[in-house]
Structures are given as C-alpha cells and as structure tokens.
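Here is the structure we will look at, set down as structure tokens.
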Amino acid sequence: MSEWVKYSTSGGVATVTLNRPDKYNTLRSEVITSLQGVLEKANRDDDVRVIILQGAGDAFCAGFDFSDGLDAYDNMGLQSTQTLGPILDGVMRNTPQGRHFVDVASQKGVGGAVEMRDGPFGDYSQGAAEDQPRKRSELNLP
C-alpha cells in the first residue's frame, strides 16, 4: 500500500481509494503496483465479500499519467490490464447489461457491441453542459 492507494475494511466491505485527487487519480507504475497489492490482500481476506474501487476528489481515474514521458510505460498497459481486467470482466459479465454486451459481441463482434452500447451517448465533451458528466463534488456524495 502507498499514499496513492488507500485501503480499509468494514464488515465484509473493502474500500480501495485511488488517492491522487490533484492529478485526477491518474495511474503511475507505483499506483498500479500498490493497487495490485491491495486487491490481492482483499481477495485473500475471507471476511471481504465486496470490493469498492473509488477515486478521491472529483475524478475516479483520468487514465495514465504520462507527465514523466512514455518510456516508463512500455508494459504498463499490459500490467494494468492483467491486474484490473479480471475484476472488471467479472463485474461486467455478472450484470444483465454485461451479459447482453457479451452476447452482442459474440454475434456482431466487439465493435458492434461497443457501437450498440456507446452510440446513443455520443461524445460528452462536445455536448451541452447539462449533458456532460458532473463532478463528484456536485453530487453531494460522501
């Protein structure tokens, strides 16, 4: 665990918080390593039944932090996919929408499934202010 990834448990719930709000919780190799460590810890804890992954501040995660250049990230995409992929895949496959996405992907390919899923939304960044995602601070969440 590091200062950039916080971990706590309460009852059967483990909460993992990406803690770089000043950088929109962007991922660095150190963050990925810490995230992998706390997820393994939560998965080994027999009392943990749910893992909440959240971001501190207004952003969940703005992607990779390339401020130190691209050289340090040669394998980071693969590493993060190996770490987070099984978790996100499990979440996706265990919802009705996720199962539908997988069904469409098997029939029309992943491109067809993504088009079906994302087509109605368009590009949020070009939309009117009321159509853009709101900041967490505007949602009155804890």
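The values are calculated or read from the model by the stated rules, or taken from the named source; none is laboratory data. Keep in mind the model is a prediction, meaning the values are calculated, not measured. Reconstructed Cβ throughout: ideal geometry from the backbone, glycine too, with neighbour counts over all protein chains shown.
Residue pairs, Cβ under 7 Å, 6 or more apart or interchain, first in region 12-29 and surrounded by fewer than 19 Cβ atoms within 10 Å (Cβ to Cβ), second hydroxyl-bearing (Ser, Thr, Tyr). List them.
Pairs found: Thr15/Ser8.
Yes or no: region 26-49 includes at least one residue that is at pLDDT below 70 and assigned to a loop (DSSP other than H, G, I, E, B).
Taking every residue of region 26-49 in turn, none turns out to be at pLDDT below 70 and assigned to a loop (DSSP other than H, G, I, E, B).
Residue by residue, here is whether (1) surrounded by 12 or more Cβ atoms within 10 Å (Cβ to Cβ); (2) of a type in the set (Lys, Arg); (3) at pLDDT below 65; (4) outside any loop (DSSP other than H, G, I, E, B) holds:
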{"residue": "Asp68", "(1), (2), (3), (4)": "no, no, no, no"}
{"residue": "Ala72", "(1), (2), (3), (4)": "yes, no, yes, yes"}
{"residue": "Ser80", "(1), (2), (3), (4)": "yes, no, yes, yes"}
{"residue": "Ile87", "(1), (2), (3), (4)": "yes, no, yes, yes"}
{"residue": "His100", "(1), (2), (3), (4)": "yes, no, no, yes"}
{"residue": "Phe121", "(1), (2), (3), (4)": "no, no, yes, no"}
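So, Leu53, is that one closer than 21 Å to Ser2 by Cβ, surrounded by 12 or more Cβ atoms within 10 Å (Cβ to Cβ) and modelled with pLDDT under 85 or not?
In short, no.
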